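Working notes, structure below.
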Amino acid sequence: MNRELLSRRSVLLGSLALTSLLNRESPANDHESMVHKGLPALPHFAPRAKRVIYLFQSGGPAQMDLFDYKPDLSKRFGEEVPRSVYPDDRKTTMSSAQASFPVAPSTFKFSQRGQSGSWMSDALPHMGDMADEMCIIRSMHTDAINHDPAITFQQTGSQIPGRPSIGSWIGYGLGSHNDNLPAFVAMSSRGSGKSGQPLYDRLWGSGFLPSKHQGVKFRNQGDPVLDISDPAGVSRDQRRTMIDSLTKLNRLKFDQIKDPEIETRIAQYELAYRMQMSVPDLLDFSDEPKHVMDLYGPEVKTPGRYAYNCLIARRLAERGVRFIQLFHQGWDQHANLPAQIGKQCKDTDQSTAALLRDLKQRGMLDDTLIIWGGEFGRTIYSQGKLTEKSYGRDHHPSCFTMWMAGGGAQGGVNHGKTDDYSVNVAEDGVSIHDLHATVLHLLGIDHERLIHKYQGRDFRLTDVHGTVVQPLIS
């Protein structure tokens with residue numbers, strides 16, 4: 001009986017939404033916005049951020065080589081990490097069979113940057129210049145020790161695939177600002193050092209939310225979206241007529257079976273038509289001044305590179321896209337870490353800082369939340385052979401570093417501490433659920449009230465967990 005009532009309610013809501021969506025006198029001449037405008041009660045309170053740019057560093061950046069400065073470890077070079085600090089049952093099978101677990105101090109130099117005095121690696125000179133904009137969280141921790149469940153956890157709030165991604169939740173709750181672009185866009189790039197772990201479409205998927213809330217992936221080679229151009233010989237008027245005819249057929253099908261997903265199909269065909277005009281304009285950098293292009297670095301004109309994606313992210317943000325996610329692969333340094341992480345920083349440091357500068361000079365940083373980080377951290381012991389100039393690091397979920405900037409995040413703050421070995425959180429731990437709750441809060445969303453009922457249960461991004469971390473908020 002309950003399932004029948006839920007089913008009837010779903011059909012009724014779908015019918016009402018479809019009627020509202022398609023209530024236009026002449027489909028050929030009056031094409032109303034088909035953009036999802038968000039849930040009626042949202043935002044729950046005044047938001048600090050209007051949009052999010054999430055710079056996901058896939059592979060697990062080594063916290064002690066970038067942000068978590070541990071100068072005293074230089075005196076312990078090559079010593080065994082005490083089992084009391086790092087017990088055997090917390091090591092992965094990739095390194096647990098080693099005969100020795102020597103301390104591998106970072107080879108990078110650190111200095112205090114900005115008025116905040118944040119300690120940052122010399123591998124990040126450009127980001128260091130923006131230290132006072134950054135809210136650095138040194139006490140992140142997660143439950144997953146392998147890449148796929150850890151990335152899935154970061155993106156969906158669950159290690160088990162199938163849940164909606166954070167961008168889909170935000171688009172579902174708040175809707176879109178732009179009729180001509182998706183509410184959620186994902187892009188990827190590969191580090192010049194190595195290809196990195198695979199990325200799956202479900203990382204920007206909508207899970208059990210209506211499929212119109214899934215992220216649209218811009219490809220990193222060729223046309224960013226397949227079939228973005230009309231075939232030779234097909235005019236825009238012909239394409240418009242085709243879309244309108246297809247809409248009529250989909251309406252007839254909806255009247256027959258009352259499937260709310262048909263609403264998504266209609267809206268997505270309309271959006272695809274509009275993207276054929278908006279995406280080419282988005283990718284045309286001819287209106288960008290030279291000093292802005294120079295700011296992002298020499299690879300800004302190369303599609304598929306991180307710098308290029310950072311500039312696209314700013315242009316998407318300007319156009320009202322709600323959630324923009326850049327996945328950058330290649331941070332999984334099990335061997336030869338100093339050289340590999342140096343390449344990763346060269347790929348990302350300048351353009352990440354440029355994105356912050358660019359948004360700030362346009363007055364957009366105040367209401368654009370930037371998030372930077374990966375799925376977990378790295379071990380303080382060396383995986384494989386340790387030398388004075390080279391070492392590797394295994395996966396480490398118990399502590400790692402992420403940062404936020406803009407959008408109501410407290411700039412110039414260093415939140416949380418780790419122990420002397422950068423192995424465990426010592427103060428003010430922040431879980432993935434806490435991070436998600438805080439991000440939603442900055443967008444004006446009470447994470448406990450952004451709910452979707454599925455299979456008889458109320459689901460949310462933070463599941464039954466999560467606390468807003470007030471010290472991260474300005």
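Hey, can you tell me all the residues within segment 266-291 that are closer than 20 Å to THR241 by Cβ and hydrophobic (A, V, I, L, M, F, W, C)? If the condition is that a residue be closer than 20 Å to THR241 by Cβ and hydrophobic (A, V, I, L, M, F, W, C), then ILE266, ALA267, LEU271, ALA272, MET275, MET277 are the ones that fit.
Listed here are the residues, each with its yes/no results for (1) modelled with pLDDT of 95 or more; (2) touching a strand residue (DSSP E or B) at 6+ places or on another chain (Cβ under 8 Å); (3) part of a loop (DSSP other than H, G, I, E, B).
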| site | (1), (2), (3) |
| --- | --- |
| ARG3 | no, no, no |
| GLY14 | no, no, no |
| THR19 | no, no, no |
| HIS31 | no, no, yes |
| LYS37 | no, no, yes |
| TYR69 | yes, yes, yes |
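Would you confirm whether or not segment 380-392 contains a residue that is within 22 Å of GLN154 (Cα to Cα) and either modelled with pLDDT under 95 or assigned by TED's automatic domain parsing to the domain that holds TYR69 (or both)? For segment 380-392, residues within 22 Å of GLN154 (Cα to Cα) and either modelled with pLDDT under 95 or assigned by TED's automatic domain parsing to the domain that holds TYR69 (or both): absent. Selection over segment 445-467 of residues that are in a loop (DSSP other than H, G, I, E, B) and buried (at least 19 other Cβ atoms within 10 Å of the Cβ) gives a count of 7. Put simply, of ALA409, ALA405 the only residue that is in the same structural domain as ALA353 (by TED's automatic domain parsing), crowded, with 20+ Cβ neighbours inside 10 Å, more than 23 Å from TYR381 (Cβ to Cβ) and out of contact with any Gly (no Cβ under 7 Å at 6 or more places or on another chain) is ALA409. For segment 86-96, check the following and say yes or no: at least one residue is of a type in the set (Lys, Arg), within 29 Å of LYS385 (Cα to Cα), assigned to a loop (DSSP other than H, G, I, E, B) and modelled with pLDDT of 95 or more. Scanning segment 86-96 turns up no residue that is of a type in the set (Lys, Arg), within 29 Å of LYS385 (Cα to Cα), assigned to a loop (DSSP other than H, G, I, E, B) and modelled with pLDDT of 95 or more.
Restricting ASP428, ASP458, ASP446, ASP419 to those that are acidic (Asp, Glu) and touching a Leu at 6+ places or on another chain (Cβ under 9 Å) reduces the list to ASP446.
Within segment 285-318, being within 19 Å of ARG362 (Cα to Cα) and of a type in the set (D, E, K, R) holds for ASP287, GLU288, LYS290, ASP294, ARG314, ARG315, GLU318. Close Cβ contacts (under 7 Å, 6 or more residues apart or on different chains) running from residues in segment 66-79 that are polar (S, T, N, Q) to residues that are surrounded by 17 or more Cβ atoms within 10 Å (Cβ to Cβ) and not in a helix (DSSP H, G or I) comprise SER74/PRO105. Quick one: is THR247 among the hydroxyl-bearing types (Ser, Thr, Tyr), under 27 Å from VAL321 (Cα atoms) and either in contact with a Gly (Cβ under 7 Å, 6 or more places away or on another chain) or not assigned by TED's automatic domain parsing to the domain that holds LEU461 (or both)? In short, yes. So, ARG362, is that one within 21 Å of ARG219 (Cβ to Cβ) and of a type in the set (Lys, Arg) or not? Here the answer is no, as ARG362 does not meet what is asked.
Candidates are the residues of segment 107-144 that are of a type in the set (A, V, I, L, M) and part of a strand (DSSP E or B); the one that is farthest from GLY408 (Cα to Cα) is MET120. Within segment 230-248, the residues that satisfy the criterion of being surrounded by 11 or more Cβ atoms within 10 Å (Cβ to Cβ) and among the hydrophobic types (A, V, I, L, M, F, W, C) are VAL234, MET242, ILE243, LEU246.
Rundown of residues vs (1) in contact (Cβ under 8 Å) with a residue 40 or more places away in the chain; (2) touching a helix residue (DSSP H, G or I) at 6+ places or on another chain (Cβ under 9 Å), yes/no style:
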position	(1), (2)
LEU356	yes, yes
ILE370	yes, yes
ARG393	yes, yes
ALA405	yes, yes
LYS417	yes, no
ASN424	yes, no
THR438	no, yes
LEU443	yes, yes
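Filtered by the rule that a residue be assigned to a loop (DSSP other than H, G, I, E, B), buried (at least 24 other Cβ atoms within 10 Å of the Cβ) and of a type outside the set (S, T, N, Q), segment 145-174 gives GLY157, ARG163, PRO164.
The values are calculated or read from the model by the stated rules, or taken from the named source; none is laboratory data. What you see is a predicted model; the values in this text were computed from it and never measured. Every residue, glycine among them, receives a Cβ derived from its backbone with ideal geometry; neighbour counts consider all protein chains shown.
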